[in-house]
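Here the structure is laid out as structure tokens; the discussion comes afterwards.
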Amino acid sequence: MALGVLAVVVGALWTLQGLDIVTDSRMSGTGIWAVIGPAVAIAGLILIILGERSRSRAKRAEALAIIHQSPLGDPGKM
């Protein structure tokens, strides 16, 4: 997920440089960065979404494991 956040930030910076909004760089005003930047930012968003989905899946699995270990979770043990 941290890699996704980094990719979004870098992609946004590259986009702004490619559009010549952020100046004082060799990349400023070069149109290819206005194309590469959004692609990197979108890839970062995908990484963030995948990371969040896997974290929530892991939390659900952990919660289910705790419930199944608890005597209250199994009505046959009461």
Exercise. Among the residues of the stretch 16-55, write down those that are among the acidic types (Asp, Glu) and either assigned to a helix (DSSP H, G or I) or under 26 Å from Met1 (Cα atoms) (or both).
Key: Glu52
Quiz item: How many of the residues making up the stretch 1-33 are surrounded by fewer than 13 Cβ atoms within 10 Å (Cβ to Cβ) and in contact with a Leu (Cβ under 8 Å, 6 or more places away or on another chain)?
Solution: 1
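Since every read-out is calculated from the coordinates, none of them should be taken as a lab result. Keep in mind it's a predicted model, so treat the numbers as computed, not measured. Quick reminder, even Gly has a Cβ in these numbers, built from the backbone with ideal geometry, and neighbours come from all protein chains shown.
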